[in-house]
Amino acid sequence: MAEQEQMYPAATREISDRRKRLAPGPAEAFRAFSQSVFADGALPAKTKQLIAVAAAHITQCPYCIRGHTSGALRHGATPEEIMEAVWVAAEMRAGAAYAHSALALDTIAHHAGAQGNTP
C-alpha cells in the first residue's frame with residue numbers, strides 16, 4: 001500500500017477543500033451534477049453505483065474504484081454483484097481491444113495492397 005500511496009495521494013479533506021477554494025463554481029456544479037446522476041431515478045442508486053464500479057475499472061481510476069465500490073456497498077450491493085460488475089468491465093475492455101483489431105487488419109490489408117500483396 002505504501003507504494004500506491006506514493007503514486008496516488010490519499011483523497012483527503014484538505015485536497016477536497018483546495019479544489020473548492022481554487023475553483024468554487026465548477027466544484028459546486030460538479031458536486032450537484034454527481035448527486036443528481038447517482039440519485040434514484042429510472043435506475044436505482046445501487047445499479048448506478050455498480051455501473052460506476054465497472055466504468056471505474058475500465059478507466060482504471062483508483063479513486064473511483066474505491067469510492068464507487070464503497071458507494072455500491074452503502075446502497076446494498078453484495079460482494080458478488082460488485083465482482084460481476086468488475087467482470088463486465090474486464091469483458092468490455094478486452095472486447096474493445098478485440099473489436100478494434102479490425103483497424104489493424106484494415107491497415108494490414110491496405111499496406112499489403114499498396115505493395116501488391118494480398119494478406
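The values are calculated or read from the model by the stated rules, or taken from the named source; none is laboratory data. Bear in mind the structure is a predicted one, so any value in this text is a computation, not a measurement. Here the Cβ is made from the backbone with ideal geometry for all residues, glycine too, and neighbour counts use every protein chain on show.
Restricting the search to region 1-55, which residues are in contact (Cβ under 8 Å) with a residue 24 or more places away in the chain, hydrophobic (A, V, I, L, M, F, W, C) and under 25 Å from Met92 (Cβ atoms)? Within region 1-55, Phe38, Ala45, Leu50, Ile51, Val53, Ala54, Ala55 qualify. Per the listing Ala96, Ala27, Ala77, the residue uniquely outside any helix (DSSP H, G or I) and not aromatic (Phe, Trp, Tyr) is Ala77.
Checked against (1) closer than 18 Å to Met92 by Cα; (2) out of contact with any Leu (no Cβ under 8 Å at 6 or more places or on another chain); (3) charged (D, E, K, R), Glu81 meets all criteria but (2).
When you check Ala112 against the structure, is it among the hydrophobic types (A, V, I, L, M, F, W, C), farther than 26 Å from Ala11 by Cβ and surrounded by 11 or more Cβ atoms within 10 Å (Cβ to Cβ), yes or no? In short, yes. Being in a helix (DSSP H, G or I), under 26 Å from Met7 (Cα atoms) and of a type outside the set (Val, Ile, Thr): is that true of His111 here? No: the conditions fail for His111. Determine, yes or no, whether Thr69 is touching a helix residue (DSSP H, G or I) at 6+ places or on another chain (Cβ under 7 Å), among the hydroxyl-bearing types (Ser, Thr, Tyr) and assigned to a helix (DSSP H, G or I). So Thr69 fits the description; yes.
Counting the residues of region 56-74 that are in contact (Cβ under 8 Å) with a residue 40 or more places away in the chain and buried (at least 17 other Cβ atoms within 10 Å of the Cβ) gives 0. A single entry from Ala85, Ala89 fulfils the requirement of being under 20 Å from Gln60 (Cα atoms), in contact (Cβ under 8 Å) with a residue 24 or more places away in the chain, assigned to a helix (DSSP H, G or I) and in contact with a His (Cβ under 6 Å, 6 or more places away or on another chain): Ala89. Considering region 16-51, the residues that are under 18 Å from Arg74 (Cβ atoms) and among the charged types (D, E, K, R) include one that is farthest from the chain's Cα centre (by Cα), namely Asp40.
Yes/no matrix, rows are residues, columns are (1) within 28 Å of Met7 (Cα to Cα); (2) among the charged types (D, E, K, R); (3) at pLDDT 95 or above:
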site	(1), (2), (3)
Ser36	no, no, yes
Ala39	no, no, yes
Gln49	yes, no, yes
His57	yes, no, yes
Thr69	yes, no, yes
Ala77	no, no, yes
Ala85	yes, no, yes
Glu91	yes, yes, yes
Ala94	yes, no, yes
